[in-house]
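> Let me begin by handing over the structure; questions about it come next.
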Amino acid sequence: MVVSFDLMGKESVKATTKNDIALREGLSFIQKPLSVVFDDGAWVMAGNGGDPAAAYVPRVTLQNLGDPGFCSDHGMRYPYVAGSMAQGISSAQMVEALANAGMLGFLGAAGLPLKTVEENIDRLSRNLGDKPFGANLIHSPNAPKLEAALVDLYLRKNIRLIEASAYLDLALPLVRYRVRGIRTGASGKIITPNRIMAKVSRIEVATKFFSPPPEGLVQELVKTGEITQEQAELARKIPMAQDLTAEADSGGHTDNRPAIALLPTMLALRDRLQAKYDFSQKLRLGMGGGISTPASAAAAFSMGADYIVTGSVNQACVESGTSEAVREILSQTEQADVIMAPAADMFEMGGRVQVLKRGTLFAMRAQKLYHTYQAYARWEDVPAAERAAIEKNFFQASFDEVWQGCCEFFEERDTAQIGLAGEKPRHKMALVFRWYLSQASRWAIAGDTSRRIDYQIWCGPSMGAFNEWTKGTFLEKVPERKVVTVALNLLYGAALMVRLGVLRAQGVDLMSELSPRPMEESLIMRYLA
């Protein structure tokens, strides 16, 4: 007889052979090596009778799935990162849970008022102390003053790690953050207090992050007295980002790159630039986008990722800063339920984000607004019937009423936008259309039932893969989806997949019989003992 666990983690009993029990248990204790032989028509653990082993399975530790140096540098136990999701979806509660479990989370600062970001940072600093955490810095080409103000806040609050996202080119505030406080230690080693973990999907952008800070921007900082000429010289010897996440097909801003092609390309770039610059800070590469099952996590590590980054699956966890309504919708998502739509922060540039299409008209309506923006020079040129439909169905207010709200917003944030809109009617139209796009995500986060059809939910196809993997298990239900439970299942499952893969490479294929299924944290910790 064998003791197993049912869908809720309760013990149940199934009939099986003692040899089968031993093999399953032996493989499950991933930190202990074992040997396997073929006996009486089945694969079993090798006994002590001197039978020659047909296959050998090495020990696998969660810490060593990726680069141990990555974990030690950041004060982590496991090479697992939860990437930032905007407007506080990556909440302080989520970041705290991960930090307390020896993992790394980034506060989703993008789209939040500075005061709210500061309050969250103060909470994290107070509650976590020296435990690892970071905050997001999203490139804001339409709001450069906001980007600079956020860097000022991070520097003032001694935030030593940020996740830089949506960058197409390096900006002065980002460089200022990286080189502030750079110095030489007693041993001659260059010390960089501030670290950047960049999230990119394009090789040309990755090249900029894996290279020294741009000389022109560094010299601007010298001229303004932000850094000294000696510090500028030290900056030539460090990468903009020691850690870079290759972002494949994912939720939100994405180029829909396939992970299986993107990661090897980025790895080759990393090795080439490390050889070119001979950085004392070893360049490291993580993998994000599509990671939501043990198989995808194991694949990332097997291809050479130093760490993994998850996103969409965390939004469906109880600690996320979104609404219960959104979490329920995400729990029903399938892989084909996502679509690309215009992005609020890069609307005029044609930037796009990946969102959920299941149960919402947001993507279709956002695309309609973008086509209208492209087709007409001003709102008054839009045919009357179209204007009426947009106002009634999209805005649920008149164009002028929405514009008045925009003016109130920009009076506090960036008054130049109001003046520019007065000079350029198309810009005014863009600001109003961007209002709908930005509000659509807020309606979803707040769980506004009157606006459910307009929900903008950032989501990648990985959500569907996660739901398929958890179907019929305790993790199928939203209340059971805790960010650390999910993380441990992905890491432990990846380690088990590695062991099964080693067996398969030796002619022992037990993948279909012993592939990892979701387990309660307590059982995982038992197997890690």
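The values are calculated or read from the model by the stated rules, or taken from the named source; none is laboratory data. None of these values were measured; they are calculated from a predicted model. All Cβ positions, glycine included, derive from the backbone under ideal geometry; neighbour counts span all protein chains shown.
> Grab the strands (runs of 3 or more DSSP E) fully contained in region 37-103, keeping just those with 1 or more residues being more than 30 Å from ASP509 (Cα to Cα) and in contact (Cβ under 8 Å) with a residue 12 or more places away in the chain.
Result: 80-82.
> If you don't mind, there's one more thing I want to ask. Any residue at all in region 365-378 that is outside any helix (DSSP H, G or I) and either touching a residue at least 60 places away in the same chain (Cβ under 8 Å) or in contact with a Pro (Cβ under 8 Å, 6 or more places away or on another chain) (or both)?
Yes, some residue in region 365-378 is outside any helix (DSSP H, G or I) and either touching a residue at least 60 places away in the same chain (Cβ under 8 Å) or in contact with a Pro (Cβ under 8 Å, 6 or more places away or on another chain) (or both).
> When LYS115 is evaluated against the numbered criteria (1) part of a loop (DSSP other than H, G, I, E, B); (2) over 22 Å from the mean Cα position of the chain (by Cα); (3) among the charged types (D, E, K, R), which criterion, by number, is the only one it fails?
(1)
> Out of ASN142, ASN158, report the one residue that is surrounded by fewer than 14 Cβ atoms within 10 Å (Cβ to Cβ), in a loop (DSSP other than H, G, I, E, B) and of a type outside the set (Val, Ile, Thr).
None of the other options fit; the residue is ASN158.
> Output the number of residues of region 340-367 satisfying the condition of being among the polar types (S, T, N, Q) and more than 16 Å from TRP435 (Cα to Cα).
Number satisfying all stated conditions: 2.
> Quick check: is even one residue across region 354-363 in contact (Cβ under 8 Å) with a residue 40 or more places away in the chain and among the charged types (D, E, K, R)?
no
> Give region 503-521 a look and list any residue that's part of a helix (DSSP H, G or I) and either under 25 Å from ILE89 (Cα atoms) or at pLDDT 95 or above (or both), or say none.
Of everything in region 503-521, just one residue is part of a helix (DSSP H, G or I) and either under 25 Å from ILE89 (Cα atoms) or at pLDDT 95 or above (or both), namely GLU521.
> On to the next question. Of all residues in region 256-291, which are under 13 Å from SER201 (Cα atoms) and among the basic types (Lys, Arg)?
Selection gives ARG257 alone.
> Continuing with the same structure: May I ask you to list the residues in region 489-518 that are more than 18 Å from ALA465 (Cβ to Cβ) and buried (at least 19 other Cβ atoms within 10 Å of the Cβ)?
ALA495, VAL498, ARG499, LEU500, LEU503
> For region 409-487, list the helices (runs of 4 or more DSSP H) that sit wholly inside it and hold at least 2 residues that are farther than 23 Å from ARG378 by Cβ and assigned by TED's automatic domain parsing to the domain that holds PHE347; which are they?
Helices (runs of 4 or more DSSP H) meeting the threshold: 425-446.
> Among the residues of region 283-306, is there at least one that is outside any helix (DSSP H, G or I), at pLDDT below 95 and hydroxyl-bearing (Ser, Thr, Tyr)?
Taking every residue of region 283-306 in turn, none turns out to be outside any helix (DSSP H, G or I), at pLDDT below 95 and hydroxyl-bearing (Ser, Thr, Tyr).
> Which members of region 166-195 meet the condition of being charged (D, E, K, R) and closer than 27 Å to ASN142 by Cβ?
Those that are charged (D, E, K, R) and closer than 27 Å to ASN142 by Cβ: ASP169, ARG176, ARG178, ARG180, ARG195.
> Take the residues in region 270-288 that are of a type in the set (Gly, Ala, Ser) and surrounded by 13 or more Cβ atoms within 10 Å (Cβ to Cβ), then tell me which one is farthest from ALA241 (Cα to Cα).
By that ranking, first place goes to GLY288.
> In region 258-269, which residues are in contact (Cβ under 8 Å) with a residue 12 or more places away in the chain and surrounded by fewer than 22 Cβ atoms within 10 Å (Cβ to Cβ)?
ILE260, PRO264, THR265, LEU267, LEU269, listed by residue number.
Residues are listed down the side, and each one gets a yes or a no for (1) crowded, with 20+ Cβ neighbours inside 10 Å; (2) touching a Pro at 6+ places or on another chain (Cβ under 9 Å):
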position: MET85; (1), (2): yes, no
position: LEU104; (1), (2): yes, yes
position: PRO113; (1), (2): no, no
position: VAL117; (1), (2): yes, no
position: ASN120; (1), (2): yes, no
position: LEU128; (1), (2): no, no
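> I want to confirm something. Restricting to region 271-288 and keeping residues that are closer than 22 Å to SER165 by Cβ and touching a residue at least 60 places away in the same chain (Cβ under 8 Å), which single residue is nearest to the chain's Cα centre (by Cα)?
Residue satisfying both the conditions and the ranking: GLY288.
> Where residues in region 259-281 are part of a loop (DSSP other than H, G, I, E, B) and at pLDDT 95 or above, which of them is farthest from LEU104 (Cα to Cα)?
So, considering only residues that are part of a loop (DSSP other than H, G, I, E, B) and at pLDDT 95 or above, the one farthest from LEU104 (Cα to Cα) is ASP278.
Conditions tested, residue by residue: (1) surrounded by fewer than 20 Cβ atoms within 10 Å (Cβ to Cβ); (2) of a type in the set (Gly, Ala, Ser); (3) not assigned by TED's automatic domain parsing to the domain that holds PRO141.
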residue	(1), (2), (3)
MET303	yes, no, no
CYS317	no, no, yes
GLU324	yes, no, yes
ILE339	yes, no, yes
MET346	yes, no, yes
MET349	yes, no, yes
VAL355	no, no, yes
MET364	yes, no, yes
